[in-house]
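*Asks:* Take a look at the following structure, please.
The values are calculated or read from the model by the stated rules, or taken from the named source; none is laboratory data. This structure is a prediction, so every number in the text was calculated from the model and none was measured. Neighbour counts are summed over all protein chains in view; Cβ atoms, including those assigned to glycine, are modelled from backbone coordinates with ideal geometry.
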Amino acid sequence: MSIPDVHIFPHATGAAATTVAKHQEPQDLIFYAGWFCPYVQRAWIALEEKGIPYQYKEVNPYKKEAHFLAINPKGLVPAVEYKGRALYESLVLCEFFEDAYPSTKSMFPADPVDRAVARIWLDHISKTFMPAHHKLLQVQDPAKQKEHLQEMNEFLRKFAAAVKGPYFFGEEFGIVDLAIAPWIIRDWVVQEHRGYSRADVSPEWKTYAENVEKRESVINTTSLREHTLEIYGRYLRDEAQSAAARAIREGRVIP
């Protein structure tokens with residue numbers, strides 16, 4: 001029996017499709033992406049914010065094609081080829097863009113203490129928010145769903161309390177914002193199926209989420225909901241076969 005995730009919709013739609021069409025010419029940086037993946041969207045937002053020239057290539061990471069596995073042995077998106085060398089991991093890529101393209105807009109604050117604070121929050125997002133969110137999606141027991149919803153909301157409440165506004169560090173959209181933006185733009189899934197509400201988290205979180213989702217780079221890397229829901233339905237039924245889904249199912253750390 002084939003893995004159902006192989007049969008995903010094959011390309012970006014809506015505003016994201018328009019962005020893809022603008023990035024088909026060969027460049028020093030090739031961006032291997034899956035339109036559906038929130039981790040991809042992180043790095044994609046960074047590329048758009050920084051105005052880095054890149055060539056977009058759509059891949060289905062569940063098919064594990066030979067060249068893509070050579071780029072990323074984990075078989076996960078996003079990944080890049082830069083002047084013939086391969087890199088992967090979404091937040092690692094965002095830091096790489098900073099180093100490789102120093103003349104472009106920085107996604108990190110200038111103050112060294114704030115840069116450290118940004119990395120602390122990136123770690124909190126990875127270790128606290130992500131597991132709670134994935135468990136909320138996948139767990140089938142209503143009592144456990146309520147527990148994970150509360151856990152996620154508590155994190156978001158603390159996060160929002162640290163936001164200077166309109167973005168995390170103030171007027172400039174940056175690394176912390178793009179790290180959580182893909183989950184903001186997809187939070188309609190847990191709103192419709194798991195009882196989540198931005199307003200239930202806090203007024204501050206609701207305002208922040210609304211500011212982030214209106215960011216041009218976020219809008220321009222987001223596909224239409226209809227095909228996204230097809231993918232998230234597998235998580236809601238705990239049928240998804242992604243690395244993250246398997247890790248949650250097996251009680252492991254999300255890779």
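*Asks:* Among the numbered criteria (1) under 15 Å from the mean Cα position of the chain (by Cα); (2) farther than 25 Å from Ala162 by Cβ; (3) of a type outside the set (Val, Ile, Thr), which single criterion is violated by Glu250?
*Replies:* (1)
*Asks:* Testing Cys37 on (1) in contact with a Phe, Trp or Tyr (Cβ under 9 Å, 6 or more places away or on another chain); (2) surrounded by 21 or more Cβ atoms within 10 Å (Cβ to Cβ); (3) closer than 26 Å to Ala243 by Cα, one condition comes back false. Which one is that?
*Replies:* (1)
*Asks:* While we're on this one: Just checking, which of Lys57, Lys83, Lys105 is among the charged types (D, E, K, R) and either within 26 Å of Phe9 (Cα to Cα) or in the same structural domain as Ser242 (by TED's automatic domain parsing) (or both)?
*Replies:* Selected residue: Lys57, the only one of Lys57, Lys83, Lys105 that is among the charged types (D, E, K, R) and either within 26 Å of Phe9 (Cα to Cα) or in the same structural domain as Ser242 (by TED's automatic domain parsing) (or both).
*Asks:* Does the range 235-251 contain at least one residue that is buried (at least 17 other Cβ atoms within 10 Å of the Cβ), closer than 29 Å to Phe169 by Cα, modelled with pLDDT of 90 or more and not aliphatic (A, V, I, L, M)?
*Replies:* Within the range 235-251, not a single residue is buried (at least 17 other Cβ atoms within 10 Å of the Cβ), closer than 29 Å to Phe169 by Cα, modelled with pLDDT of 90 or more and not aliphatic (A, V, I, L, M).
*Asks:* If a residue has to be among the hydroxyl-bearing types (Ser, Thr, Tyr) and free of Cβ contacts under 8 Å to residues at least 24 places away in the same chain to count, how many in the range 191-213 make the cut? Write out each step before concluding.
*Replies:* At the first step, the residues of the range 191-213 found to be among the hydroxyl-bearing types (Ser, Thr, Tyr) are 196-197, 202, 207-208.
Checking which are free of Cβ contacts under 8 Å to residues at least 24 places away in the same chain leaves us with 197.
Selection size over the range 191-213: 1.
*Asks:* Do we find that Glu226 is at pLDDT 95 or above, of a type in the set (Asp, Glu) and assigned to a helix (DSSP H, G or I) in this structure?
*Replies:* No, not satisfied.
*Asks:* While we're here: Got at least one residue in the range 185-196 being touching a Ser or Thr at 6+ places or on another chain (Cβ under 6 Å) and within 19 Å of Gln138 (Cα to Cα)?
*Replies:* yes
*Asks:* Here's another thing I want to ask about it. Quick test of your reading of the structure: Val117 fulfils all but one of (1) aliphatic (A, V, I, L, M); (2) within 15 Å of the chain's Cα centre (by Cα); (3) closer than 19 Å to Val212 by Cβ. Name the failing condition by number.
*Replies:* Of (1) aliphatic (A, V, I, L, M); (2) within 15 Å of the chain's Cα centre (by Cα); (3) closer than 19 Å to Val212 by Cβ, only one is false for Val117: (2).
*Asks:* Go through the residues of the range 76-89 one by one and say whether even a single one is of a type in the set (Gly, Ala, Ser) and part of a strand (DSSP E or B).
*Replies:* yes
*Asks:* While we're on this one: I need the full set of residues from the range 108-153 which are part of a helix (DSSP H, G or I) and among the polar types (S, T, N, Q), in order please. Steps first, please.
*Replies:* Taking the range 108-153 as the starting set, the residues that turn out to be part of a helix (DSSP H, G or I) are 112-138, 142-153.
Of everything in the range 108-153, those that are part of a helix (DSSP H, G or I) and among the polar types (S, T, N, Q) turn out to be Ser126, Thr128, Gln138, Gln145, Gln150, Asn153.
*Asks:* I'm trying to understand the selection: among the residues of the range 90-107, which are of a type outside the set (Gly, Ala, Ser), part of a helix (DSSP H, G or I) and farther than 28 Å from Ala243 by Cα?
*Replies:* If the condition is that a residue be of a type outside the set (Gly, Ala, Ser), part of a helix (DSSP H, G or I) and farther than 28 Å from Ala243 by Cα, then Asp99 is the only one that fits.
*Asks:* Kindly provide the set of residues from the range 48-84 that are at pLDDT below 95 and within 22 Å of Ser103 (Cα to Cα), ordered by number.
*Replies:* If the condition is that a residue be at pLDDT below 95 and within 22 Å of Ser103 (Cα to Cα), then Lys83, Gly84 are the ones that fit.
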